[in-house]
Amino acid sequence: MITVKDLSKVYRTDEIETLALEHVNLSIREGEFVSIMGPSGCGKSTLLNMIGLLDAPTTGTVEIDGQDVSGMNDRRLAAFRNRTLGFVFQSFHLIPSLNVLDNVELPLLYRHVPARERRAAAEEVLSRVGLTHRMKHFPSQLSGGQCQRVAIARAIVGEPKIILADEPTGNLDSTMGAEVMNILHALNREDGRTIVMVTHNEEQARQTSRIIRFFDGHQIN
Amino acid sequence: MWKVYLRQIRRLLRENKFFSVVYILGTALSVTMIMLILITYYINTGNIGVVDKRDRMFFVTRSYTVKPGKDISGNNFYKAFQGSAPLSHKMLEKYMYPLQVPEAKSIVGQTQSAVYNKNKQVYEEKSVACVDADYWKIFSMRFLVGRPFTEAEVKSKAPQVVIDESTARALFGKIDVVGYPVEINWKEYRVCGVVEDVPSYLSDAYAHLWYPYTTESRCLFSSDSEDLKDVYGPMKMYVLAHDRGDQERIRQEMEHQIQQMNAPAKRSQFVLNHQPDTALESVFRMSSDPYEKIYSRMQIVFIIIVVLLVLPAINLSGLIVARMKKRAGEIGVRKAFGASVGELMRQFFWENFVQMLIGGVVGLCLSYGIFQLVRETLLVSYRTMNMAAKVGHVDMLNFFHVVNMHTICYVLGICFLLNLISTLVPAWRYARIPIVDALNRR
């Protein structure tokens with residue numbers, strides 16, 4: 001499902017050059033729930049950004065669902081992300097000026113799905129994460145756990161094959177964190193979605209099918 | 001999609017009240033300034049009221065004389081400017097009446113006169129126009145009673161006069177006064193028709209009384225200098241073309257006519273100086289300036305309008321950048337979930353356009369208020385400046401005479417342009433920032 005070959009990422013400024021990832025090779029099969037672990041600054045989120053096509057590698061290639069994405073232009077990349085990938089961020093990244101329903105509908109908006117179908121799909125995923133009673137609320141009116149559940153609903157509304165979660169429980173307390181993990185596991189188990197999760201939490205990582213560890217930009221297992 | 005955008009705009013307006021107020025007021029002020037310029041322009045050039053054919057009207061208002069000669073080297077010919085003044089009726093009759101291209105040609109002189117009803121002992125100081133019969137073809141005066149004077153009556157110097165409704169009421173206390181005597185500058189005329197009042201801001205048609213120019217000695221004055229005999233006078237000519245695109249053809253025909261006038265032996269020669277003018281050109285034609293000066297005056301006004309449009313757009317652009325910075329995270333999220341650069345730019349454009357439209361409506365209301373305050377100054381065009389001062393008042397103009405579909409289209413156009421100028425660069429810049437940078441708000 002995801003193949004990363006000889007991937008390196010270097011951040012350059014006028015004065016310094018930082019090697020974030022060096023010669024990373026990995027493969028993730030369809031339906032896997034993979035955790036990426038390592039200390040802060042080791043390149044976990046950078047790798048996730050490369051896999052999520054949010055950033056471009058300095059060298060190497062990323063192949064997703066059998067497609068090499070390196071040559072795609074902005075428009076094709078946007079459409080590919082929209083259909084194939086769903087994102088869950090540590091700080092939720094909900095749009096504050098949109099209500100829950102509009103936030104969840106966002107991926108379908110760029111797929112030009114008619115309003116009625118968008119609404120039905122959004123309501124369905126919101127019921128799945130237990131938030132139908134908060135549809136007209138704005139993010140500022142929700143708790144952290146509720147925000148993350150909205151973010152998960154947004155990630156899955158377009159039925160992407162892959163969900164990329166960057167420390168999805170990092171801003172939540174243990175109870176809410178467990179709730180979010182339960183939802184992710186259900187999505188993996190019941191829907192067969194491939195999930196790649198960056199985490200610092202060893203216990204949560206152990207519950208996933210595989211752990212990939214990083215240190216100073218290198219894959220260590 | 002639009003509904004979602006509109007919902008978000010409503011929310012953004014409520015969330016960022018200060019920004020929204022500054023943004024809307026900035027737009028409103030800009031729209032107001034441009035609206036006032038456009039209203040002035042429209043009053044002086046648009047097809048309004050009785051001047052409903054102004055788009056195909058052309059004006060010959062001045063004569064220009066030059067003296068041809070050679071410079072010191074004796075090789076280069078030049079034409080030294082000698083003078084400029086309105087035209088004489090003789091010159092217009094002899095050289096302009098024979099024009100074939102126009103639909104109608106009218107000799108017009110506007111002045112002030114003492115108007116007197118001997119029977120009732122009522123005296124009024126009125127703005128009068130000495131005109132010919134074609135005048136009634138060019139303007140669409142509405143006759144309440146009677147008729148206009150005919151070409152035969154003009155030729156025979158018949159003392160006929162058309163008066164407006166307010167003059168009829170002032171002199172006679174009623175409007176059904178056809179055949180009644182009225183003295184203009186102590187000469188007796190008979191009323192042949194009564195028309196609806198013409199507002200003074202329609203300066204081309206404005207007067208209270210109209211009578212044949214052949215009956216008024218002041219209109220028949222002409223210069224008597226040897227070379228310029230019968231060129232200068234107090235008159236001007238309005239030309240009605242069949243089509244608005246006929247200006248150049250009429251000009252060529254006029255040039256041909258004045259060639260006959262400018263015999264080579266004459267020391268001074270008459271030049272048209274780019275006449276006949278359109279309504280807009282005639283607004284800018286002042287005193288004896290050559291056409292280049294008139295044209296540069298028009299350019300200056302155009303530049304002022306552009307500056308009025310660009311300066312606020314730059315300020316608004318700064319505001320938009322500030323708001324985009326705050327919304328960088330949102331841009332990142334939208335891109336992550338499939339928005340392309342084009343879609344984001346479209347969204348920002350429409351968001352700002354809606355806000356500008358609100359600013360446009362506020363600007364329209366503001367311009368209404370300011371229009372009421374400065375109306376008298378606005379309505380005194382260059383052409384009626386002296387006359388209006390003498391009249392001592394400017395007719396009431398309803399704002400909604402000039403705010404119609406045209407004006408609303410102007411406002412929409414202004415908003416669209418402002419939006420385009422102010423949004424394009426920030427939207428382009430922010431829609432292209434890398435997703436990771438946007439998400440991290442770097």
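The values are calculated or read from the model by the stated rules, or taken from the named source; none is laboratory data. On a predicted model such as this, the values are computed, not experimentally measured, just so you know. Because the Cβ atoms are built from the backbone with ideal geometry, glycine has one as well, and the counts that use them run over all protein chains shown.
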Wholly within region A:19-94, strands (runs of 3 or more DSSP E) carrying at least 1 residues that are within 11 Å of another protein chain (Cβ to nearest Cβ) and either surrounded by 18 or more Cβ atoms within 10 Å (Cβ to Cβ) or modelled with pLDDT of 90 or more (or both):
A:85-88
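Select from region B:97-125 the residues that are under 13 Å from residue B:209 (Cβ atoms) and part of a loop (DSSP other than H, G, I, E, B) and list them in ascending order.
Here is the first cut: in region B:97-125, the residues under 13 Å from residue B:209 (Cβ atoms) are B:109-117, B:124-125.
None - no residue of region B:97-125 is under 13 Å from residue B:209 (Cβ atoms) and part of a loop (DSSP other than H, G, I, E, B), so the list stays empty.
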Name the single residue, out of those in region B:198-237 being under 20 Å from residue B:153 (Cα atoms) and hydroxyl-bearing (Ser, Thr, Tyr), that is modelled with the lowest pLDDT.
B:217
Would you pick out the residues in region B:327-365 that are at the interface with chain A (Cβ under 10 Å from one of its Cβ atoms) and among the basic types (Lys, Arg)?
B:327, B:334, B:335
Unique match (being β-branched (Val, Ile, Thr) and either outside the structural domain of residue B:204 (by TED's automatic domain parsing) or assigned to a loop (DSSP other than H, G, I, E, B) (or both)) among B:177, B:128, B:161
B:177
Can you find, within region B:165-203, the residue that is farthest from the chain's Cα centre (by Cα) among those that are without any contact (Cβ under 8 Å) to a residue 60 or more places away in the chain and under 13 Å from residue B:124 (Cα atoms)?
B:172
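From the list B:224, B:230, B:204, which one is among the charged types (D, E, K, R), in contact with a helix residue (DSSP H, G or I) (Cβ under 6 Å, 6 or more places away or on another chain) and part of a loop (DSSP other than H, G, I, E, B)?
Numbers: B:224 fails: in contact with a helix residue (DSSP H, G or I) (Cβ under 6 Å, 6 or more places away or on another chain); B:204 fails: in contact with a helix residue (DSSP H, G or I) (Cβ under 6 Å, 6 or more places away or on another chain).
Testing whether each residue is among the charged types (D, E, K, R), in contact with a helix residue (DSSP H, G or I) (Cβ under 6 Å, 6 or more places away or on another chain) and part of a loop (DSSP other than H, G, I, E, B) leaves just B:230.
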Please indicate, with yes or no, whether at least one residue in region B:264-275 is of a type in the set (Phe, Trp, Tyr) and away from every other protein chain (no Cβ under 14 Å).
yes
Kindly indicate whether residue A:132 is more than 14 Å from every other protein chain (Cβ to nearest Cβ), of a type outside the set (A, V, I, L, M, F, W, C), buried (at least 20 other Cβ atoms within 10 Å of the Cβ) and farther than 24 Å from residue B:330 by Cβ.
no
All positions within region B:35-62 that are modelled with pLDDT of 85 or more and either of a type in the set (Ser, Thr, Tyr) or in a helix (DSSP H, G or I) (or both)
B:45, B:54, B:55, B:56, B:61
How many residues, within region A:135-157, are in contact (Cβ under 8 Å) with a residue 40 or more places away in the chain and farther than 18 Å from residue B:336 by Cα?
5
Sole miss for residue B:214 among (1) surrounded by 22 or more Cβ atoms within 10 Å (Cβ to Cβ); (2) not in a loop (DSSP other than H, G, I, E, B) is condition (1)
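How many of the residues in region B:1-55 are within 14 Å of chain A (Cβ to nearest Cβ) and not charged (D, E, K, R)? Give the derivation first.
The first filter runs over region B:1-55 and keeps only residues within 14 Å of chain A (Cβ to nearest Cβ), leaving B:1-17, B:19-20.
After this cut, where a residue has to be not charged (D, E, K, R) as well, the list is B:1-2, B:4-6, B:8-9, B:12-13, B:16, B:19-20.
Residues flagged as within 14 Å of chain A (Cβ to nearest Cβ) and not charged (D, E, K, R) within region B:1-55 amount to 12.
If I ask for residues that are touching a Gly at 6+ places or on another chain (Cβ under 6 Å) and either more than 10 Å from chain A (Cβ to nearest Cβ) or not in a helix (DSSP H, G or I) (or both), which ones from region B:417-442 would you list?
Applying the first criterion (touching a Gly at 6+ places or on another chain (Cβ under 6 Å)) to region B:417-442 yields B:435, B:438-439, B:441.
Result: B:441, single match.
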How many residues are more than 21 Å from residue A:44 (Cβ to Cβ) and β-branched (Val, Ile, Thr) if we restrict to region A:157-198?
3
Would a scan of region B:170-183 turn up a residue that is at positive phi, out of contact with any Leu (no Cβ under 6 Å at 6 or more places or on another chain) and exposed (fewer than 15 other Cβ atoms within 10 Å of the Cβ)?
yes
Does any residue of region A:162-181 turn out to be surrounded by fewer than 16 Cβ atoms within 10 Å (Cβ to Cβ) and part of a strand (DSSP E or B)?
no
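Could you check, for region A:106-121, whether at least one of its residues is in contact (Cβ under 8 Å) with a residue 60 or more places away in the chain, within 13 Å of chain B (Cβ to nearest Cβ) and in contact with an Asp or Glu (Cβ under 8 Å, 6 or more places away or on another chain)?
Step one: filter region A:106-121 for residues in contact (Cβ under 8 Å) with a residue 60 or more places away in the chain, giving none.
Within region A:106-121 (the criterion being in contact (Cβ under 8 Å) with a residue 60 or more places away in the chain, within 13 Å of chain B (Cβ to nearest Cβ) and in contact with an Asp or Glu (Cβ under 8 Å, 6 or more places away or on another chain)), the answer is no, since none of the residues qualifies.
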List the pairs whose first member sits in region B:133-149 and is aliphatic (A, V, I, L, M), whose second member is assigned to a loop (DSSP other than H, G, I, E, B), and whose Cβ atoms are under 6 Å apart, counting only residues at least 6 apart or on separate chains?
B:133/B:150; B:141/B:50; B:144/B:175; B:145/B:176; B:145/B:178
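When you look at residue A:153, is it under 22 Å from residue A:193 (Cβ atoms) and more than 10 Å from chain B (Cβ to nearest Cβ), yes or no? Step through it out loud before you land on a result.
On the way: under 22 Å from residue A:193 (Cβ atoms): yes; more than 10 Å from chain B (Cβ to nearest Cβ): yes.
Yes.
Could you go through region A:66-77 and let me know if any residue there is touching a residue at least 40 places away in the same chain (Cβ under 8 Å) and within 19 Å of the chain's Cα centre (by Cα).
No, every residue in region A:66-77 fails to be touching a residue at least 40 places away in the same chain (Cβ under 8 Å) and within 19 Å of the chain's Cα centre (by Cα).
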